Amino acid sequence: MEAVNIQFAPATGTEEEWNEAYARLADYFRSYQLHNRIRRTQLILETLRNAAKAHSDDPSRTPTAHSIEQARLMLREWLGSIYSDLNLNEAQLEATGRLGFHLAGGPTRWPQFFLDEQNMPDDMAEAMRSAIRTSGPGMQVSKMTPRDIDLGMFTDVADDTFDRLGRHPVLRYSVLAVIVASVLGYLYSLFT
């Protein structure tokens, strides 16, 4: 295991902004169920160093925005090396990678190799690829045109009834009075 180098002194941004960036990165890496604190700290510090360089070039964005962008860039590079044989766009690569990492048991079996291209075991990469290959068919775009629901004879009877009741207000109120009287009669019979 490589030593953790904690030296971090960004040229731009405030201490509060960088502490916020640290907290968001910790949350981001925890979302991958990366509970190995040493590896998570290594990744956070590496990401913060990259974000500090990016923030010195473009201080208009917050350190948190740069940090998350750098973390996602590191993730895409790492996943790109694993899924190089699949034709995936960036969004598909991140979603596929997250799913593959979890299905292969990466958080428990290989947490120390998360985002480590140089030392990644072959069985980890193969497990992540095979988890995606066996997870089912690929997503395909389909088109569904809305159609009216056909309830058979019920809709015809209901339409006719509502039309008749709509044309004859006396009949409508009579039906309502019968329904109310029935409900009240039923309730009276329950309590007596």
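By the scheme Lys and Arg +1, Asp and Glu -1, what is the net charge of all other residues having a beta-carbon under 12 Å from that of Gly97?
Residues close to Gly97 contribute a combined charge of +1.
Averaged per residue, what accessible area in Å² does the chain show with a 1.4 Å probe, protein chains only?
I get 69 Å² per residue for this part.
Determine the share of the range 52-168's accessible area contributed by carbon and sulfur atoms, expressed in whole percent, with a 1.4 angstrom probe.
Reported share for carbon and sulfur atoms: 52 percent.
Just to confirm the filter: which trypsin sites (Lys or Arg not before Pro) across the range 29-102 are DSSP coil and have at most 15 other Cβ within 10 angstrom of their Cβ?
Arg61
Can you list which of the trypsin sites (Lys or Arg not before Pro) found in the range 108-192 are DSSP loop residues with at most 13 other C-beta atoms within 10 Å?
Taking the range 108-192 and a limit of 13 other Cβ atoms within 10 Å, the loop trypsin sites (Lys or Arg not before Pro) found are Lys143, Arg147.
Once the Cβ-Cβ distance between Asn119 and Asn19 is put in as r, and R0 is 35 Å, what FRET efficiency do you end up with, to the nearest 0.05?
The computed FRET efficiency comes out at 0.75.
Subtract the Cα-Cα distance of Leu176 and Asn89 from 0.36 nm times their separation in residues, and report this length gain in nm to one decimal.
That works out to 25.3 nm of additional length.
Sort 81-89, 17-25 by packing, meaning the average of other beta carbons within 10 Å per residue, with the highest value first.
Sorting 81-89, 17-25 by mean packing, highest first, produces 17-25, 81-89.
Considering all projection directions equally, how large on average is the shadow of the alpha-carbon convex hull of the range 1-131, in square nanometres?
Mean projected area for the range 1-131: 8.0 nm², to one decimal.
With a point put 7 Å past each Cα toward its Cβ, work out how far Lys53 is from Ser31 in nm, to one decimal.
2.4
The values are calculated or read from the model by the stated rules, or taken from the named source; none is laboratory data. Computed from a predicted structure; not experimentally measured. When we count neighbours, we look across all protein chains shown, and the Cβ atoms used for this are built from the backbone with ideal geometry, even at glycine. These area figures cover heavy atoms from the full protein model, side chains too; ligands, DNA and RNA do not enter into them. Shrake-Rupley method; radii C 1.70, N 1.55, O 1.52, S 1.80 Å.
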